[in-house]
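Down below is the structure, laid out as structure tokens.
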Amino acid sequence: MPQPLSPLTATLHQFSPLPAAAATALDQCVARREVARNAALLAVGEVSRHLYFVHTGLARVFYFHEAVDVTDYFAIDQQFIGAVASLFTGTPSHKGIQVLEDSVVYAIAYADLERLGAQFHEVERAGRLLATFGMLEGQQRIESIRFHDAARRYQELGDKYPGLLNRCPLKHIASYLGITQVSLSRLRAAAAATQAATPKRS
């Protein structure tokens with residue numbers, strides 16, 4: 001009976017079905033890591049070599065703007081995370097990756113992903129679809145910052161990352177939304193009041 005696929009490989013298989021040989025070869029390159037809260041998967045200034053899949057837990061990509069720590073995006077249970085620009089170009093990353101709670105993370109070296117993509121068309125296609133998905137997510141993030149107010153961005157955050165608001169330090173959520181922690185507290189209070197006033201269905 002075949003061994004079950006790692007969560008990383010299984011998720012790539014959902015992007016593009018992988019034949020058994022490709023899935024096996026890919027899985028042999030995947031490493032499972034148990035990462036402690038606040039540990040760094042990538043420091044600012046390092047060259048990114050790996051793509052990560054957060055199986056259980058929470059992580060964020062961040063950068064510094066005028067010495068202020070700014071959260072770029074999160075990855076919560078069953079989501080990929082990586083410093084994409086550095087990963088693709090092999091140059092030092094302007095962004096870091098930090099784990100925010102004890103997490104189980106699966107990692108694959110980008111060099112292995114490229115090698116297997118050249119060997120198996122299905123792996124190449126899965127990687128391309130994943131990159132496209134990431135690009136679209138980034139575009140949606142830019143449009144949200146430009147066109148939506150803080151209340152709308154707060155709602156989108158809850159929809160995109162279910163449960164995040166109860167698991168993540170508020171300072172990181174505030175910086176992701178581009179607001180102060182005081183403004184975030186007001187948004188949370190308003191959302192709680194709206195929920196309390198909404199009639200419950202029997």
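When the residues of the range 95-110 are narrowed to those that are aliphatic (A, V, I, L, M) and crowded, with 21+ Cβ neighbours inside 10 Å, which ends up farthest from the chain's Cα centre (by Cα)? Don't jump to the end; show me each part of the working.
Of all residues in the range 95-110, those aliphatic (A, V, I, L, M) come to 97, 99-100, 104-105, 107-109.
Subset that is crowded, with 21+ Cβ neighbours inside 10 Å: 97, 99-100, 105, 108.
Numbers: Ile97: 10, Val99: 11, Leu100: 12, Val105: 11, Ile108: 15 Å.
It comes out as Ile108.
Pull up the range 1-40, narrow it to residues that are among the small types (Gly, Ala, Ser) and touching a residue at least 60 places away in the same chain (Cβ under 8 Å), then point me to the one that is nearest to Tyr52 (Cα to Cα).
That would be Ala31.
I'd like the residue in the range 157-189 that is of a type in the set (D, E, K, R) and either at pLDDT below 90 or in contact with a Phe, Trp or Tyr (Cβ under 8 Å, 6 or more places away or on another chain) (or both) and, out of all such residues, is nearest to Asp72 (Cα to Cα). Steps first, answer last, please.
Going residue by residue through the range 157-189, those that are of a type in the set (D, E, K, R) are 159-160, 167, 171, 186, 188.
Going one step further and asking which of them are either at pLDDT below 90 or in contact with a Phe, Trp or Tyr (Cβ under 8 Å, 6 or more places away or on another chain) (or both), we end up with 159-160, 188.
Values: Asp159: 17, Lys160: 14, Arg188: 20 Å.
Among them, the one singled out is Lys160.
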Cβ-Cβ under 8 Å pairs, at least 6 apart or on other chains, the range 87-98 side assigned to a strand (DSSP E or B), far side aliphatic (A, V, I, L, M) and surrounded by fewer than 20 Cβ atoms within 10 Å (Cβ to Cβ): Pro92/Val47; Gly96/Ala40; Gly96/Ala43; Gly96/Val44; Ile97/Ala40; Gln98/Ala39; Gln98/Ala40
Being at pLDDT below 95, farther than 25 Å from Ile179 by Cα and either of a type in the set (Asp, Glu) or over 11 Å from the mean Cα position of the chain (by Cα) (or both): is that true of His50 here? no
May I ask you to list the residues in the range 141-161 that are surrounded by 12 or more Cβ atoms within 10 Å (Cβ to Cβ) and within 16 Å of the chain's Cα centre (by Cα)? Arg141, Glu156, Leu157, Gly158, Lys160, Tyr161
Restricting the range 1-54 to residues that are closer than 15 Å to Gln78 by Cβ and in contact with an Asp or Glu (Cβ under 7 Å, 6 or more places away or on another chain), which is surrounded by the fewest Cβ atoms within 10 Å (Cβ to Cβ)? Leu5
Condition first: assigned to a helix (DSSP H, G or I) and touching a strand residue (DSSP E or B) at 6+ places or on another chain (Cβ under 7 Å). Now tell me which residues in the range 1-22 satisfy that. Pro7, Leu8, Thr9, Thr11
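The values are calculated or read from the model by the stated rules, or taken from the named source; none is laboratory data. Remember, it's a predicted structure, so these values are computed and weren't measured experimentally. As a convention, Cβ positions derive from the backbone with ideal geometry for all residues, glycine included, and neighbour counts pool all protein chains shown.
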